Structure formats: structure tokens, C-alpha cells
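J.: Take a look at this one; I'll ask things after.
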Amino acid sequence: MTTEPKDATEATREVNERVRASEWLDWDDDRDRQAATRGLLAALDPPVITTGDGRSVWDLEPYAFLEAEEAPPTVNPSLWRHARLNMHHGLFEIADGLYQVRGYDLSVMSVLRGERGWIVVDPLVSAETARASLALVNRHLGEREVVAVVYTHSHADHFGGVEGVTSVEDVLAGRTRVIAPVGFLRSAISENVLAGAVMGRRASYMYGALLPRGPRGQVDAGLGKSISLGSSSILAPTDEIVETGQELTVDGVEIEFQLTPGTEAPAEMNFYLPRLRALCMAENCSRNLHNLYTPRGAEVRDAKAWARYLDESIVRYLDRTDLVFTSHHWPVWGREACLEYLEKQRDMYQYLHDQTLRLANKGYTMLEIAEMVELPASLAREWYSRSYYGTVNHDVKAVYQKYLGFFDGNPANLHPHPPVEASRRYVEYMGGAAAVLERARADFERGDYRWVAEVVNRVVFAEPDNVEARLLQADALEQLGYQAESASWRNFYLMGAKELRDGIVEAPGRGFSLGMVRVMPLELLLDALTVRLDGERAAEVSLGIELVVDEQDTEPVTYALWVANAVLHHRRGVPLARPDLTIKASRLDLAALLFGLLPLDDAVAAGRAEVDGDTHVLAELLGLFDSFDPHFPIVTP
């Protein structure tokens, strides 16, 4: 038992060798490599992107180990193949006037040539990677201004780098249009606000943020290599797509849109380019099974709606489509190949939905169904149906949860003990920690890592300082990571092993930034404050503050903010009868005041705020707010 990463055990080698020997998987199929390299025009050399002060935000060089064709024993061979395909990077021409920059962030940036400028689709996670990608385009295709940005959906890897391709000034001046599906702005900035701290912590596990790049560490993230570590922001849309079939002509380019809300994102859309006979499927298709439930945490996605919208795409567009491209991975060329791809992606989600509910209606529980459902051979043999990102196991559980929730109907599970209390009792029942670990070591030697991880977790939660238990748990999680086909699962397992061995290490995080707050409605900011209110501290408190948003060229808007019954309430346009304090300021300054980033006295002295009433009331309110440590434990109590 040591804190060092281990090699693959014989049991793990056998598991991965069975994957390599699978009759379902055609290891000689070279079509993905050909598609991933087709149309390459240029690439960054070296593939490194830095900030102005030299800090690295993207670097593919540590992944040089993936040059080896054969997978090492510590990586599932199927995942190794996918990780190698995700290494193809550069500027690619995929149709006449349509280009993609791939391999410089988790997502793909597509660029469409208009009459006088570029239309940029999904400008990556960070401004730095988006800026470098656009520079690569301009350097090899000729300098053009960006006349429009299209956000296909409301996830940060598809809008966060927008200020790397345009600016606030260009959007406000009308030089750049920003096109997005209806509901985009609220969805984009709300998903990570109310549960932002816990989502961010879990995302560091999902993407392997702290893992070394290598055969014993992070090899891929499924949708791409990793997430860039630059600056992110958001610009509000100037054009909203409100219905399927809506058409826009952008810089001479005709675009037809299809809304697909509630699929991969709450606000999402596909679009069709008739001149090019090209269909952009946003992230509703990708070269892997996607998440219906994402391990970082998010609302469960609707498998039935996902399949229905894919079918609608087939009906509306496939008889006039020769190219399908997406915002991750590489395109599909040829009508028949495009049709087969969309049909099988559709059927994959429909199958998971239907079979989960079939078995649920027979009385099986969520955990049972997740072990019973497998994709049929016609789907499972396709490389683009493999579990590099989402998994059949988690997607089945997501379908069950969407319809039936987390409770399985067994009253024994109606009110179970929380983990620490239950673990203490389990360990006592099993004869104490020493007896559990003795049996678990024997199970580890037999290669039963899944059971070892489950049972030793009880010892870790009962006795978090038990070093022997932590190290055995880490070794079991590590072997499970080596076996995982899903990059997300591999990263979760290996991050858990690392934390058990080394303790919690702070990972780069993304909190509130000016680039996000400046377009965030005040109602959403106030919603974020409500979940910070410490109910116990606020139990006997009653106070009221009136906020007056005073912006240039707009009428002032009043918000009532008050604490009663240990709840923080807010209303727009309804003044309080007798507020304890009234604050008049811009929306940004009010946000800074409420989040404790700007002292009220300083704001008044600088002429940025006007007040009426007891200014101590704001300090009293701020004193009721809890703070969130984004580095809380996950694999220990």
C-alpha cells in the first residue's frame, strides 16, 4: 500500500484485452481517421496557446504519448482509439467556404465565409483559444471581420470564448450579430449559478483537471482533449430564433433553423445551409453516446425529446443533405452516411428510453435496469455509439430518474441513514474495519474492484483517517479507471484515487466574472443570493431593502428584497411599503454591493450609489449569507 499510482493488474489487463478481442468492434475500420484528417489546411505548431503574460491555457504537447498505436494496459483500448482521434488538430475545410478549427479546446469552432466577413459558430470555452483559432483562419484564408456569431446552445464551451472573435463594442455598434435560440441567455447563465459551487467541484473530477497527462492519468475528455483554462464571458444575443423553420440571411448566407429545446441543452438549435447542402447538428449528435445525466451534475435530459428532434431533422433535411457537422469531433460526408448516422443516433436514445421504461413497468428498479440494458449489436458496434462521454449505465438511470425520481419504491430505502452514520453501522456489523479490509484485499486480488470500491468506501466514511482503507480504496478506483471506456468515468475514478492518496488539491475554478455578470438579469443574481442565505442565522431576522436599478437611457426599475421566515424574497416592480434601506445604482454596482465586492460607503462616496435609510441593514443582510468552499471533499466525509 503506497501513495504512488500503480500499473494495471492482471485482472485489468484481461478486461482490456477482452475489449480488444471484441467481435463487435472493427479495429481495422479507418473511416474515422480519414474523416478526422480530411481537409486539413494548417495547424498550430507547437499546439500551445497562452495568455498575454505567457500562462498556458491550452497545450497538446503533454499528449505526445498518444502517438503509440497500441493501447497500454492502463487504458481501455476503445478509449485509446478515440483519444488518438481527438488529437487531430488544426484548420480544416469541410465544404466550399465552410471550415472548422478542431483540437484547441473541448469544443469545435466552425467558420462560414459570407460575402464580406466570417460567421463564427460556437466560439469555444475561452477567449484565448477562440482568438488563436480565428487568427489561424485569417492567416491562411485571408483577413476578414467577424460579421456574426452563432451560439448553437447554452453550454459554456459554445459561447465562453466569444470575446476572442468579437467585442462588446462591435456588437453594440451592429458590426457583429449574435444569433442564438430562444431562452439561450437565461439557460446559459443560470445552469451554473444556483448550483455553481458543487457543479464546478464535480466538473474538476469529470474532466480530470488535476490528473497528469499520461497512460496512468488523463488521456481524453470524450468530447475533446480537455477544457481550456483561459478567460470566459458571454455577449447577449441580438437575434433570437423563436421557431423551427425560421430563416435568416446573414452576410449573404441563407440559414434555416431548427429549435431542439430540452435535448442536450435546455436551449439548443440545429441549422441548415441550403447552398452547401450542409446540416449543423450542434451537440445533438457527436462521435459518442452523450449524457442524459452528466456526472458533473445538471438537469436530466429528455431522451424521448432528443430522439424526436433527431427524427425531425431527418425528415426536414436529409433528402437535401450531403454533409453533417457538429460542435464536437469531425463531420460526416455523403447522404447515405449522414442518414445512417442520424438514424442510429436517434435510435440509440429512443432505445434507452423505451427499454428503461419497459423494465420499470415490470417492477425492476433503477439500479437493476442499469445492469440489464445494453445497446443492441446494430448500435453498439458503431464507434459513434460507444460510451466515451455518456454511458448506457448512467443514461438508463437518467431516464428512470426523469419519470420516477431517485426512490425505488422499496420502503427500506424510504429514509436511509446518511453515508457516515450508515458506514459506521455497516463496518460494526461486518466485524470492524480490520475484518472488512482483510476481505477486501482478497477481493482486490481476485480483481473484484467494483465491490472493493463499494465496501471499502464504508470504512473510509466510518474512519476517514484509516490510511490503509484510503489506499486500498484508491487502488481499486484506479483499476476501475484503467478499465473504463468512458473518459468521464476514467477521470472520476482516477481523480478519486488521487484525492484519497494526496488529499484535496485546489483546481482552477470559474466563479462570477464581469463577463458573465454584465448580461445577467438582476432577478437571476438575486436567485443566486437566495441559496446563500443561512436559514439558521436568518431565523429571527426581518428586514427589507429596496433596490432601484438606474441605467442610462432606461427607466429606473425597482426591486423589493426582504427577509422573512428565514427566506430571502425578491419581487420586480413592487416597492416595499416601509423599506429599511433604499439603494439606487446601476445593475452592475448593485450586483457588486450584494455580493460584497463593493463597500456601500465607497460606492456612495464615489457617486456610484444613492442611499436612503439605515445603511447598516445591507451589512446585516450580507452577514446572513453563507460562503461556498469550491474544494469540499468528495471521496471522504
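The values are calculated or read from the model by the stated rules, or taken from the named source; none is laboratory data. Note that the structure is predicted; figures quoted are calculated from it, not measured. Using ideal geometry, Cβ is built from the backbone for each residue, glycine included, and neighbour counts are taken over all protein chains shown. The accessibility values were calculated without ligands, DNA or RNA, using every heavy atom of the protein model including side chains. Shrake-Rupley method; radii C 1.70, N 1.55, O 1.52, S 1.80 Å.
J.: May I ask you to verify whether Tyr384 is buried (at least 17 other Cβ atoms within 10 Å of the Cβ) and farther than 23 Å from Val19 by Cα?
T.: So Tyr384 fails the test.
J.: Where residues in segment 480-491 are open to solvent by 10 Å² or more (accessible area, probe 1.4 Å) and assigned to a helix (DSSP H, G or I), which of them is farthest from Arg287 (Cα to Cα)?
T.: Leu480
J.: Look through Leu477, Leu494, Leu500 and report the one residue that is crowded, with 22+ Cβ neighbours inside 10 Å and either touching a strand residue (DSSP E or B) at 6+ places or on another chain (Cβ under 8 Å) or on the phi > 0 side of the Ramachandran plot (or both).
T.: When all the criteria are applied, what remains is Leu494.
J.: Just give me the residues in segment 186-223 being in a helix (DSSP H, G or I), small (Gly, Ala, Ser) and over 19 Å from Ser107 (Cα atoms), in sequence order.
T.: Residues satisfying the conditions are Ser190, Gly196, Ala197.
J.: Kindly list, by first and then second residue, each pair from a residue in segment 416-430 that is without any contact (Cβ under 8 Å) to a residue 60 or more places away in the chain to a residue that is of a type outside the set (Lys, Arg) and assigned to a loop (DSSP other than H, G, I, E, B), limited to pairs with Cβ atoms under 8 Å and residues at least 6 apart or on different chains.
T.: Hits for this filter: Ala422/Pro416; Arg425/His417; Val427/Glu463.
J.: Would you confirm whether any residue within segment 361-373 is within 24 Å of the chain's Cα centre (by Cα) and either open to solvent by less than 30 Å² (accessible area, probe 1.4 Å) or at pLDDT below 95 (or both)?
T.: Yes, there is a match, as at least one residue in segment 361-373 is within 24 Å of the chain's Cα centre (by Cα) and either open to solvent by less than 30 Å² (accessible area, probe 1.4 Å) or at pLDDT below 95 (or both).
J.: Find the residue count for segment 450-472, including only residues that are over 19 Å from Glu421 (Cβ atoms) and open to solvent by less than 20 Å² (accessible area, probe 1.4 Å).
T.: 4
J.: Residues to consider are Leu172, Leu185, Leu124, Leu141; find the one that is touching a helix residue (DSSP H, G or I) at 6+ places or on another chain (Cβ under 8 Å) and aliphatic (A, V, I, L, M).
T.: So the residue among Leu172, Leu185, Leu124, Leu141 that is touching a helix residue (DSSP H, G or I) at 6+ places or on another chain (Cβ under 8 Å) and aliphatic (A, V, I, L, M) is Leu124.
Table: residues versus (1) surrounded by fewer than 18 Cβ atoms within 10 Å (Cβ to Cβ); (2) modelled with pLDDT of 95 or more; (3) within 19 Å of Gly224 (Cβ to Cβ).
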residue	(1), (2), (3)
Asp28	yes, yes, no
Ala36	no, yes, yes
Gly52	yes, no, no
Ala68	yes, yes, no
Glu93	yes, yes, no
Val101	no, yes, yes
Val108	no, yes, yes
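J.: For the subset of segment 315-334 comprising residues that are hydrophobic (A, V, I, L, M, F, W, C) and either over 27 Å from the mean Cα position of the chain (by Cα) or at pLDDT below 95 (or both), which member is surrounded by the fewest Cβ atoms within 10 Å (Cβ to Cβ)?
T.: Per the criteria, the residue is Val315.
J.: So is Ser586 under 34 Å from the mean Cα position of the chain (by Cα), within 23 Å of Val541 (Cα to Cα) and surrounded by fewer than 16 Cβ atoms within 10 Å (Cβ to Cβ) or not?
T.: When the stated conditions are applied, Ser586 does not pass them.
J.: Go through (1) of a type in the set (D, E, K, R); (2) open to solvent by 10 Å² or more (accessible area, probe 1.4 Å); (3) in a loop (DSSP other than H, G, I, E, B) for Glu264 and report which single condition fails.
T.: (2)
J.: Right, next: Being outside any loop (DSSP other than H, G, I, E, B), open to solvent by less than 60 Å² (accessible area, probe 1.4 Å) and over 21 Å from Trp383 (Cβ atoms): is that true of Leu352 here?
T.: For Leu352, the condition - outside any loop (DSSP other than H, G, I, E, B), open to solvent by less than 60 Å² (accessible area, probe 1.4 Å) and over 21 Å from Trp383 (Cβ atoms) - is not met.
J.: Kindly indicate whether any position in segment 276-288 is open to solvent by 10 Å² or more (accessible area, probe 1.4 Å), farther than 18 Å from Gln345 by Cβ and at pLDDT 95 or above.
T.: Yes, segment 276-288 has at least one match.
J.: If a residue has to be in contact with a Ser or Thr (Cβ under 9 Å, 6 or more places away or on another chain) and open to solvent by less than 70 Å² (accessible area, probe 1.4 Å) to count, how many in segment 8-26 make the cut?
T.: 6
J.: Same structure again: Hey, could you check segment 547-563 for residues that are open to solvent by 30 Å² or more (accessible area, probe 1.4 Å) and touching a strand residue (DSSP E or B) at 6+ places or on another chain (Cβ under 9 Å) and say which is nearest to Leu621 (Cα to Cα)?
T.: Trp562
J.: Out of all the residues in segment 590-619, which are in a strand (DSSP E or B) and closer than 22 Å to Val517 by Cα?
T.: Correct list: Ala609, Glu610.
J.: Starting from segment 530-549, take each residue that is in a loop (DSSP other than H, G, I, E, B) and list its partners that are modelled with pLDDT under 95 and among the small types (Gly, Ala, Ser), counting only C-beta distances under 9 angstrom and pairs at least six apart or across chains.
T.: Listed pairs, sorted by first residue: Val531/Ala195; Arg532/Ser627.
J.: Are any of the residues in segment 340-348 more than 25 Å from Ser110 (Cα to Cα) and either at pLDDT 95 or above or not acidic (Asp, Glu) (or both)?
T.: Yes, that holds for at least one residue.
J.: Please verify whether Arg139 is surrounded by fewer than 24 Cβ atoms within 10 Å (Cβ to Cβ), within 15 Å of the chain's Cα centre (by Cα) and among the charged types (D, E, K, R), treating the condition exactly as stated.
T.: Against the criterion (surrounded by fewer than 24 Cβ atoms within 10 Å (Cβ to Cβ), within 15 Å of the chain's Cα centre (by Cα) and among the charged types (D, E, K, R)), Arg139 does not qualify.
J.: OK, next. Would it be correct to say that Ala337 is closer than 26 Å to Leu91 by Cβ and under 27 Å from the mean Cα position of the chain (by Cα)?
T.: Considered against the rule, which asks whether it is closer than 26 Å to Leu91 by Cβ and under 27 Å from the mean Cα position of the chain (by Cα), Ala337 comes out as no.
J.: Can I ask one more? Based on what the data block shows, is Ser167 among the hydroxyl-bearing types (Ser, Thr, Tyr), surrounded by fewer than 22 Cβ atoms within 10 Å (Cβ to Cβ) and either modelled with pLDDT under 90 or touching a Pro at 6+ places or on another chain (Cβ under 8 Å) (or both)?
T.: no
J.: Is there a residue being acidic (Asp, Glu) and either touching a Pro at 6+ places or on another chain (Cβ under 7 Å) or open to solvent by less than 40 Å² (accessible area, probe 1.4 Å) (or both) anywhere in segment 574-582?
T.: Within segment 574-582 (the criterion being acidic (Asp, Glu) and either touching a Pro at 6+ places or on another chain (Cβ under 7 Å) or open to solvent by less than 40 Å² (accessible area, probe 1.4 Å) (or both)), the answer is no, since none of the residues qualifies.
J.: Only residues that are of a type in the set (Gly, Ala, Ser) and under 18 Å from Ser187 (Cα atoms): list them for segment 517-536, please.
T.: Ala528
J.: Quickly run through segment 550-589 and pick out the residues that are assigned to a loop (DSSP other than H, G, I, E, B) and in contact (Cβ under 8 Å) with a residue 24 or more places away in the chain.
T.: Residues satisfying the conditions are Asp550, Glu551, Pro556, Ala566, Pro575, Leu576, Arg578, Pro579, Asp580, Ser586.
J.: From the residues in segment 589-637 that are closer than 30 Å to Pro295 by Cα and among the hydrophobic types (A, V, I, L, M, F, W, C), which one is most open to solvent (accessible area, probe 1.4 Å)?
T.: Filtering segment 589-637 for residues that are closer than 30 Å to Pro295 by Cα and among the hydrophobic types (A, V, I, L, M, F, W, C), the one most open to solvent (accessible area, probe 1.4 Å) comes out as Phe628.
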